[in-house]
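The values are calculated or read from the model by the stated rules, or taken from the named source; none is laboratory data. Because the structure is predicted, anything quoted here is derived from the model rather than measured. Quick reminder, even Gly has a Cβ in these numbers, built from the backbone with ideal geometry, and neighbours come from all protein chains shown. For accessibility, only protein heavy atoms count, side chains too; no ligands or nucleic acids. Shrake-Rupley method; radii C 1.70, N 1.55, O 1.52, S 1.80 Å.
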Amino acid sequence: MERRTIGTGALSVGAVGLGCMPMSWAYSGSRQRGEESLRAVHRALDLGSDLLDTADMYGPFTNELLLGRVLRERRADAFVSTKAGLLVGDQHIVANGRPGYVRRACDASLRRLQTDVIDLYQLHRADPEVPVEETWGAMADLVRAGKVRALGLCAVGARGGRRSGNGLYDGTLRQLKRVQQVFPVSAVQAELSVWSPEALTALLPWCAERGIGFLAAMPLGNGFLTGTLTPGEGFEPDDLRARHPRFTAEMMAANQPLVAGLRRVARRHGEDVTPAQVALAWVLAQGPQVVALPGTKRERWAQENAAAAALRLTPEDLAAVAALPPALGSWD
């Protein structure tokens, strides 16, 4: 597995990590099986996909508890990334960036994860009622206390303007400039995929100029770019894709040329190469500081995703992907 570094502290991780959210949050609840997810985590670690990305709100809390069962045995094999700053209530999610809350949230995550230190602690969302410098300062204190090794920020972008990407991450860039004055940012997490490339416009270049790691969330387009979803098949009510404007039957059918293009590139590299692996390889080709975080809860997909780190796309491959039509779908 190729290694990449996160931040100026040169924390080393596999080029492909494991997004653990689908194991207990946001995707079909009936398909969430703890033992199967545990096998997927173990397999990912065996293959060098050591960055395990979670958050206290996933579940809530159950995702960290699940990972804690693995970390109890294999802490030395894993790079642990979790997040704080969002509280899940009844039918709503609210931000909480108060310093006291951040400290309590970190201690609770450490207990659930069964570890003494979190490798990367990320601010999930800034609290509009609390200056972000205060929240970040509390997180920096956790580093000084030895409970956290590095800090990261999750990007926020308005839905409008996604097609052009113009100004999408302006708010995040302003936050980054402010918190950098308090304590170094080691990583930024944002969506990046063949069908959502907007981070390439300004956010990824900002990170590259400063040696800051970039964690590519949803690199498989919530599963669409794998080519395994059937338009019109539908999703369970608790699945985020049931309300996602790109996952209506009409939009899934309209965006099939993206999958077809990835499949054509995959065939150039062998019968066993998949569209998903091409999609991940494209993400990794965007810079040496980029780490892909595909989400999965199955051992089979964890193995397929890890293998994508060895796939090298040629200039012709990259040109073919660049020539694919932009994804369709209203984000309003």
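Given the structure, is Arg3 at pLDDT below 95 and either within 23 Å of Arg300 (Cα to Cα) or more than 18 Å from the chain's Cα centre (by Cα) (or both)?
For Arg3, the condition - at pLDDT below 95 and either within 23 Å of Arg300 (Cα to Cα) or more than 18 Å from the chain's Cα centre (by Cα) (or both) - is met.
I want to confirm something. Restricting to segment 225-241 and keeping residues that are open to solvent by 20 Å² or more (accessible area, probe 1.4 Å) and of a type in the set (A, V, I, L, M), which single residue is nearest to Asp272 (Cα to Cα)?
Leu229
Collect the residues in segment 225-250 that are in contact with a Leu (Cβ under 8 Å, 6 or more places away or on another chain), part of a helix (DSSP H, G or I) and not β-branched (Val, Ile, Thr), keeping them in residue-number order.
Leu225 - this is the single residue of segment 225-250 that is in contact with a Leu (Cβ under 8 Å, 6 or more places away or on another chain), part of a helix (DSSP H, G or I) and not β-branched (Val, Ile, Thr).
Can you name every residue in segment 172-198 that is without any contact (Cβ under 8 Å) to a residue 40 or more places away in the chain and open to solvent by less than 10 Å² (accessible area, probe 1.4 Å)?
Across segment 172-198, the qualifying residues are Thr172, Leu176, Val188, Ala190.
Among (1) open to solvent by 20 Å² or more (accessible area, probe 1.4 Å); (2) among the polar types (S, T, N, Q); (3) on the phi > 0 side of the Ramachandran plot, where does Thr248 come up short?
(3)
Which members of segment 44-97 meet the condition of being surrounded by fewer than 16 Cβ atoms within 10 Å (Cβ to Cβ) and among the small types (Gly, Ala, Ser)?
Within segment 44-97, Ala76, Gly89 qualify.
Can you confirm whether Gln91 is over 22 Å from the mean Cα position of the chain (by Cα) and polar (S, T, N, Q)?
Taking the combined requirement at face value, the residue satisfies it.
Of all the residues that make up segment 117-144, how many are free of Cβ contacts under 8 Å to residues at least 12 places away in the same chain and touching a Lys or Arg at 6+ places or on another chain (Cβ under 9 Å)?
1
Could you check segment 125-158 and list, in sequence order, the residues that are modelled with pLDDT under 95 and either among the polar types (S, T, N, Q) or in contact with a Leu (Cβ under 9 Å, 6 or more places away or on another chain) (or both)?
Gly157, Ala158
So, restricting to strands (runs of 3 or more DSSP E) that lie completely within segment 28-126, which ones have at least 3 residues that are farther than 30 Å from Leu229 by Cβ and touching a strand residue (DSSP E or B) at 6+ places or on another chain (Cβ under 8 Å)?
118-123
Looking only at residues in segment 275-303 that are open to solvent by 40 Å² or more (accessible area, probe 1.4 Å) and free of Cβ contacts under 8 Å to residues at least 60 places away in the same chain, which one is nearest to the chain's Cα centre (by Cα)?
Here the answer is Ala285.
Out of the residues in segment 199-224 that are more than 15 Å from the chain's Cα centre (by Cα) and over 20 Å from Leu120 (Cα atoms), which is most open to solvent (accessible area, probe 1.4 Å)?
Step by step, filter segment 199-224, then rank; the result is Glu209.
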